[in-house]
Amino acid sequence: MLLNITALTKTYTISGKLIIALNTVDLTFSENSFTCIVGKSGCGKTTLLRLLSGLEPATSGTIDYGKAAKIGFVFQEPRLMPWLTVNANIAFAAKNDPSLPAAPDEKLLELLGLKAFQHSFPAQLSGGMAQRTALGRTLFQNPDLILMDEPFSALDYFTRRSLQQMLLNLFQQQKKSVIFVTHDVEEALLLGQRILVMQEGRIKIDQRIDMEYPRQQASLSFQQLRLQILSAIEN
Amino acid sequence: MRTWKNGILLPFLLVLLWYIISKLQIFSSYLLPSPAATAITAGELIRSGMLWQHLLISLQRVAGGFLCSVVVALPLGILCGRSNSFQSYCWPILEFLRHVPPLAAIPLIILWFGIDEGSKLVIIFLASFFPLFLNTYSGIKGCDRKLLEVGRSLHFTAWQQARLIQLPAALPAIAVGLQLSLGYSWRALIGAELIAASSGIGYMILDAEQMSRPDIVLVGLFAIGIVGSLIDWLFLALTNKILPWNTETGDKYAA
């Protein structure tokens, strides 16, 4: 068991109205797993991720970080420090963790395709390069679990495809666990071994996906699953 | 290069106009000396060392007052930006003082600090404090919440958040504050020297007026403008060197 959550609940009060963002959710994530969470906006998927990362406290319920001692977070936007070079941005976690090296090694830069840009500033990067740097910052921490909040949604189609491919390679080679929030069902089906559909703060569907990587979007089983999940989100 | 060439055109036309007016003797040369006469006076003032002497004294005063203001305004701005309770104590009095121009307080300042260096220092300090304080404050306060969240996801302590994220993020705003402060210092000093001083470039101008030497007044004006621009230019070159990612300084004007 990587991570276990029990009766996790999160409520907000917005102008006097109580909003239940997460409603008594129970989930278990296993090691070396790739989970995608999909759902309409406001369904609680980002809230779940933020609670797991500790960025926000839960209203009630518990999170048991079994094997997930170190958690990395990739945000929707790159959120790079504009005054740091690509190298320094990637190695930002070293400021708080003496066990990490002061700079990323060649292998990581090569994997991210940022070797030629390691001394550039964020303002000089394209959107895809900036997001790869942000991913590098998370990988650099060597986390057991990577939480990703719609990390590719602002990128163009081709950049998104290449980053999805990169993430899959990483997942297969480095045996990391990923929890990936997206509103894009195709993306979830391309990446996830397990898809959670959320609605109104609850898990509506918990679906295993057994297809081999790389997955064929044109295949019948892919399209059937896509329709099945889409209809679950819609209704 | 091209903008530099464009910028030369208007000054050239103005000098030409100045030359024509003085050539036609529309005004008496006691009121408007010719460009040539002014240039000769400038040469004399430079050769005798008088211009340098006054300039140096003025520059020393600016450096002293500006430094005092950096030492006080910078930490105060950071503290106010970081801590809401600290800000709540300081804000009303600062808000009040902000609206009092230092020149209005000159009679009192001279009464308290005399006409020596003390009063100049105080006037420069008062003039340069607010642009630096307010820019530092808003730079710290306006730090992108999303960047701070990155620090939290890396489990940074409050001190690390301030030192590694908030302060560097505020540096461009602080640089703008420093640049404005320097400009304010320079102008306030000239004002102070015009009112009470026995040396400095402002005094040189006042003294020339009393001796009916408009050529020296003009040389003084040119010197003030040139030195002011030079300080600004040097400061910009320095910030561009220190903050290479920065795009905020440069074209900010606030008078």
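In segment B:127-143, which residues are of a type outside the set (Val, Ile, Thr), assigned to a helix (DSSP H, G or I) and either buried (at least 22 other Cβ atoms within 10 Å of the Cβ) or free of Cβ contacts under 8 Å to residues at least 60 places away in the same chain (or both)?
B:127, B:128, B:129, B:130, B:131, B:132, B:133, B:134, B:135, B:137, B:138, B:139
Considering only residues of segment B:163-189 that are of a type in the set (A, V, I, L, M, F, W, C), in contact (Cβ under 8 Å) with a residue 40 or more places away in the chain and open to solvent by 20 Å² or more (accessible area, probe 1.4 Å), which is nearest to the other protein chains (Cβ to nearest Cβ)?
B:171
In this structure, does residue A:35 turn out to be surrounded by 16 or more Cβ atoms within 10 Å (Cβ to Cβ), over 24 Å from residue A:187 (Cβ atoms), touching a Phe, Trp or Tyr at 6+ places or on another chain (Cβ under 9 Å) and not hydrophobic (A, V, I, L, M, F, W, C)?
Against the criterion (surrounded by 16 or more Cβ atoms within 10 Å (Cβ to Cβ), over 24 Å from residue A:187 (Cβ atoms), touching a Phe, Trp or Tyr at 6+ places or on another chain (Cβ under 9 Å) and not hydrophobic (A, V, I, L, M, F, W, C)), residue A:35 does not qualify.
So residue A:56 fits all but one of (1) within 16 Å of the chain's Cα centre (by Cα); (2) more than 15 Å from residue A:181 (Cα to Cα); what number is the exception?
In the conditions (1) within 16 Å of the chain's Cα centre (by Cα); (2) more than 15 Å from residue A:181 (Cα to Cα), residue A:56 misses (1) alone.
Residue under question is residue B:102, and the condition is that it be modelled with pLDDT under 90, open to solvent by less than 40 Å² (accessible area, probe 1.4 Å) and either touching a Leu at 6+ places or on another chain (Cβ under 6 Å) or within 14 Å of another protein chain (Cβ to nearest Cβ) (or both); does it hold?
Criteria met by residue B:102.
When the residues of segment A:55-73 are narrowed to those that are within 10 Å of another protein chain (Cβ to nearest Cβ) and in contact with a Phe, Trp or Tyr (Cβ under 9 Å, 6 or more places away or on another chain), which ends up surrounded by the most Cβ atoms within 10 Å (Cβ to Cβ)?
In this case the residue turns out to be A:72.
Residue by residue, here is whether (1) surrounded by fewer than 22 Cβ atoms within 10 Å (Cβ to Cβ); (2) more than 22 Å from residue A:113 (Cα to Cα); (3) modelled with pLDDT under 95 holds:
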{"residue": "A:171", "(1), (2), (3)": "yes, no, yes"}
{"residue": "A:174", "(1), (2), (3)": "yes, no, yes"}
{"residue": "A:198", "(1), (2), (3)": "no, yes, no"}
{"residue": "A:210", "(1), (2), (3)": "yes, yes, yes"}
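Filter segment A:75-125 down to residues that are out of contact with any helix residue (DSSP H, G or I) (no Cβ under 8 Å at 6 or more places or on another chain) and surrounded by fewer than 17 Cβ atoms within 10 Å (Cβ to Cβ), then give me how many there are.
8
Take the residues in segment A:78-96 that are part of a loop (DSSP other than H, G, I, E, B) and either over 19 Å from the mean Cα position of the chain (by Cα) or at the interface with chain B (Cβ under 7 Å from one of its Cβ atoms) (or both); name whichever of them is nearest to residue A:153 (Cα to Cα).
Applying the filter and picking the extreme gives A:79.
For segment B:149-162, which positions are of a type outside the set (Val, Ile, Thr), open to solvent by less than 40 Å² (accessible area, probe 1.4 Å) and either touching an Asp or Glu at 6+ places or on another chain (Cβ under 9 Å) or within 12 Å of another protein chain (Cβ to nearest Cβ) (or both)?
Once the filter is applied, which keeps residues that are of a type outside the set (Val, Ile, Thr), open to solvent by less than 40 Å² (accessible area, probe 1.4 Å) and either touching an Asp or Glu at 6+ places or on another chain (Cβ under 9 Å) or within 12 Å of another protein chain (Cβ to nearest Cβ) (or both), segment B:149-162 yields B:149, B:151, B:153, B:154, B:156, B:160, B:161.
Which residue out of B:33, B:11 is over 24 Å from residue B:128 (Cβ atoms), at pLDDT below 95 and exposed (fewer than 12 other Cβ atoms within 10 Å of the Cβ)?
After ruling out the rest, the residue left standing is B:11.
If you check A:147, A:167, A:225, which single one turns out to be crowded, with 19+ Cβ neighbours inside 10 Å, within 13 Å of the chain's Cα centre (by Cα) and either in a helix (DSSP H, G or I) or not hydrophobic (A, V, I, L, M, F, W, C) (or both)?
Residue meeting the stated conditions: A:167.
The values are calculated or read from the model by the stated rules, or taken from the named source; none is laboratory data. Not measured: the values here are computed from a predicted model. Note that we place each Cβ from the backbone using ideal geometry, even for glycine, and neighbour counts take in every protein chain shown. All accessible areas refer to the heavy atoms of the entire protein, side chains included, with ligands and DNA or RNA removed. Shrake-Rupley method; radii C 1.70, N 1.55, O 1.52, S 1.80 Å.
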